[in-house]
Structure formats: structure tokens, C-alpha cells
Amino acid sequence: MEDQTARILERIRFAGTLCELDAAKSRLQSEQLRELTRHLDRMRERFSALQSLPEDRAEVMELRQSLAELREELRPCGQDVEVKREECLKEYRSALGEDKEAFEKLSEAEQQGSRPLAYRYKQDYRTLKDLSEILSLLSADLMNLSDQVEHHFLHSHPAPEIGDYEYRDNVPEPGSLSP
């Protein structure tokens, strides 16, 4: 659980760093960026406070619901980033046209010097791709943690003994009235 929480916190930190890059700031609308940053801050607070897995069923269900809500909040942010990433890719391709293959064979420095606009689009695309991937990983981590919480609870609380049941045929007994 501690490893999972630490991984989530590290990914949140990395996503926050990506949000601070000029590429993200120039591509995402300020409201989209603020929304994503708010969600990351909420997640950071939630996981910084999570010290151990709850033992009470109601607390387990509350934590799982909270994790599901965090995933739901991240979904539109990830979709926004994905849309901007696709836009950036189209701009990159249109800026290069037929020269795309030749441009991609150049070194980073040569790319930047020969076609600065296309190079900027390429850098923006990379940043948005990284951000999109980290948001997907965060969503998967939240789902895995939710499963881990449930499994931990189920394994730490064995099921009660069921007892013996009398076998009953599913054929109804004959009626009491005779023909």
C-alpha cells in the first residue's frame, strides 16, 4: 500500500511539473490547466493523509468511492489534454508538409535551427503526450489502489461460517386438494 501511494504521489508531482511547462501553458486553456492543477492538488492532499488502509467496511467503501471520484474528475482533464495533443500533432505535420521525414532525420539542434515553429510544435506534442500518459497511469493507479483496498479488507475479515443447509428440491410439494 505504501509503495502504491508513493508511486501515485510521485506521478502527481510529475504531472504538476508538466503543467508548469510553457508547452502545457500555451496549449491548454487557463481554465483547463487550473482544473487539472486543482485535481492534482486534491489527489496530493488525499494521498499525503492516507497512512494505512481502513479496517471498517464503511471506511473502505468511502475510500473506494473517493478513489472512483478522483478518477472521474481526471477523465475530462485527460480528454482535454488528448484533444490538444492531437491539435498539436496536426499543426506539426502541416508546418512540415512534405519535409517531415527529412526534418525528423536532423539532430535536435538542427531541427530547432532550421524550422523553429515545427520544432516548437514537436516539443509541445511531447509535453502533452507525457502529460496524457501520466494521467492515464494515475487513473490506473487509482483503480489498482481501490482493488487493493477491497482485497485487503476481504482478506483481513474472513467470511462467516455459512452452516448447513437442508437440500430442498425445487419441485413444489403436491397440493392438498385431490382431484
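The values are calculated or read from the model by the stated rules, or taken from the named source; none is laboratory data. This one's a predicted model, so the numbers in the text were calculated from it and none came from an experiment. All Cβ positions, even for glycine, are placed from backbone atoms using ideal geometry, and neighbour counts span all protein chains on display. With ligands, DNA and RNA removed, areas are computed over all heavy atoms of the protein, side chains included. Shrake-Rupley method; radii C 1.70, N 1.55, O 1.52, S 1.80 Å.
The per residue volume of the convex hull around the alpha-carbon atoms of the chain is 256 Å³. Over the chain, accessible surface divided per residue gives 67 Å², non-protein components excluded, 1.4 Å probe.
Counting pairwise Cα distances across segment 73-150, what percent come out greater than 21 angstrom? Don't skip to the end; give the middle numbers.
Working: 1268 of 3003 pairs.
So the pairs more than 21 Å apart make up 42 percent of the total in segment 73-150.
Over the chain, dividing the summed -39,500 (n - 2.57) contributions of all DSSP H runs of at least 4 residues by the number of residues returns a 222 nm mean residue ellipticity of -26500 deg cm²/dmol. Once each of the chymotrypsin sites (Phe, Trp or Tyr not before Pro) sitting in a DSSP loop with at most 15 other beta-carbon atoms within 10 Å is removed, the chain keeps 1-164 as its longest stretch.
Quick one: pull the percent of accessible area on the chain belonging to carbon and sulfur, 1.4 Å probe, ligands and nucleic acids left out.
Carbon and sulfur: 50 percent of the exposed surface of the chain.
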